[in-house]
1. Efficiency by 1/(1 + (r/R0)^6): what FRET value for Asp441 and Leu306, r their Cβ-Cβ distance, R0 = 25 Å, to the nearest 0.05?
2. Could you please rank Cys80, Cys394, placing first whichever residue has the fewest other Cβ atoms within 10 Å of its Cβ?
3. Evaluate the distance, in nm, between pseudo-label points positioned 7 Å from the Cα of Ser39 and of Lys560 along their respective Cα→Cβ axes.
4. Taking the Cα centre of each part, how many Å lie between segment 353-404 and segment 45-86?
5. Compute the Cα gyration tensor for segment 463-565, then decide on rounded, prolate or oblate, letting a ≥ b ≥ c be the square roots of its eigenvalues: rounded whenever a/c is under 1.5, prolate when a/b is larger than b/c in the other cases, and oblate in all that remain.
6. Where the centre of each part is set by its Cα atoms, how far does segment 206-246 sit from segment 267-329, in angstrom?
7. How about segment 497-565: which GluC sites (Glu not before Pro) there are in a DSSP loop, with at most 10 other Cβ atoms within 10 Å of their Cβ?
8. Within segment 93-196, which GluC sites (Glu not before Pro) sit in a loop by DSSP and count at most 14 neighbouring Cβ atoms inside 10 Å?
Amino acid sequence: MVQPPATLLEDWQTLCARRKAAQADSIPPAWVIEPPQESQLNVLLVPETCGLLSARELELIEIGTRDVSLLVGMLATRKCTSIEATTAYAKSAVIAHQMTNCLTEIFVDRALQRARDVDEYFELHGKPMGALHGLPVSLKDQFTMKGLETIMGYACNIGKFAEEDCVLVEMLYELGAVPFVRTNVPQTLMWGETHNNVFGRTTNPYNRKLTPGGSSGGEGALLAMRGSPLGVGTDIDGSLRIPSAFCGLYTLRPSYERLPYHGAANALTGQESISSVLGPMSTSLSSLKLFTKALVDARPWERDPLVIRKPWNDQEYGLVDHGGGKDMCFAILWDNKVVKPHPPLKRAMEMVKHALEHAGHRVIDWEPLNHLDIYRNAQTILVADGGEDYRKDCAASGEPLITSMSPDVDPHPIDLEVTLVKTLLWQLHKEKRALRKAYLDHWNATKSRTGTGRPVDAIISPAVAYTAVPHGLNYDSFYTTLGNAMDYACSVFPVTFVDPALDVPQPPHEFHNHEDEAFYKLYHPDLFPGLPVALQLIGRTLEEEAVIAMTEVVDAALGKYKEEN
């Protein structure tokens, strides 16, 4: 007699309840704190006010939050040990989880043993283990680790333990890093929010009634609460950039196959028309170079057959193709003609424009080309199997497919989902190539308008048309999809915070479409005060070094502009 899958021996609700209880049991009892009042929406200060963290631990977290490279420097010179740093961040991560439900795997003992091993290596050899020596690193719940489950938002994965590490984790170990927690994702991974039937919903620590974004939303919430100095997420349609924008973080979305993805769990496995990519997320800009250079210098193409053989290029980081970083020309995408950005995003773009011009750079308007066609093509590729992949994984346990991120209590439904219709991929590939060629020509044609003798150096745009929104209402990937479909290297950087006195509602404009009208009606300044406002910097394909450097240029200009104004 053929036995049913193990997960079908119990109903999916029982499986999920037991797994959630096991997660709670993995929290050290001494680290359990009083739950916040339901009325307490902003929980950002809980780690430093709850009394669990010592003064030394708070000091290390403050350093890692401000500039992760400083913390790495302290670890590499024995000004602090990995045990100290890992303990501090493990405590902070557990606090963040109790406030926002941001974690999946909590493995404190395993992480602390790894930290001891790293410290012992330094004592034995008198030098750091690698470029990330002793650094605690959080991981999205896709990156498989030997001996741990990779549930990835599906009940059917409960009880399935990885037999080996994915390539990223292998390389992090060799670089001296200390993976210490994994973070929550949405069922299917294909949502700009974070909720599943196993671990539940992750909330935004700036306002727990709002979403931290997705699909790397657990990372977003954790990092915003200073529960990790450096996290790793993934992006196939904005999943790094959306939570980074909603949570006030820096991130890098690299081009296809620049960084090693082999062995990581994924949805839509085998779909390579639009590749999912991994990248760093952090409160610290220095993390983008630190993480990317460390991985690339370790020659990932020798471990992952799809990784492009491209060593780290210091000339590109020095902006050799962008005037050496002087007198550059940036273009601002004020409106992609699909969804008009909310007032806080418009103000953020104006701030960046003035900051760049004040720093001696030129700024022109970017004329959008085929953005709706690009979006439709990409979204059709991503649902080309008609949802078969999602239904198969749900059927394995009997759990239902989640079709809305709107909560059961105080729901906010909005009917903007993409219809699941099977489509021939090669027809979409042909269209996508034509769209990429047209956009390449369009970008190159800006040479006649920049005044630098070369095309626009980078595009500045929203990552999302709005800031964090109530659960169930984030459907905008119109701005992020451009990067995934055209395969542009992109970053996100924080700019400011919502100010109701400055970000007043605007009169209705001529709406581009139904989505534009729905999102226009979403804006109420009193709903969003104090939320982070971030923007996206879009560079060319495989231009990671230059995108990191240009983000540093913009961030420095913005910092100086704020000081003087």
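Laboratory data are not the source of any read-out in this text; all were calculated from the coordinates shown. Keep in mind the model is a prediction, meaning the values are calculated, not measured. Note that we place each Cβ from the backbone using ideal geometry, even for glycine, and neighbour counts take in every protein chain shown.
1. Calculated transfer efficiency: 0.35.
2. Cys80, Cys394
3. Once both label points are built, they end up 4.7 nm from each other.
4. 36 Å
5. It comes out oblate by the Cα gyration axes.
6. 20 Å
7. Answer in residue order: Glu510.
8. Taking segment 93-196 and a limit of 14 other Cβ atoms within 10 Å, the loop GluC sites (Glu not before Pro) found are Glu163, Glu164.
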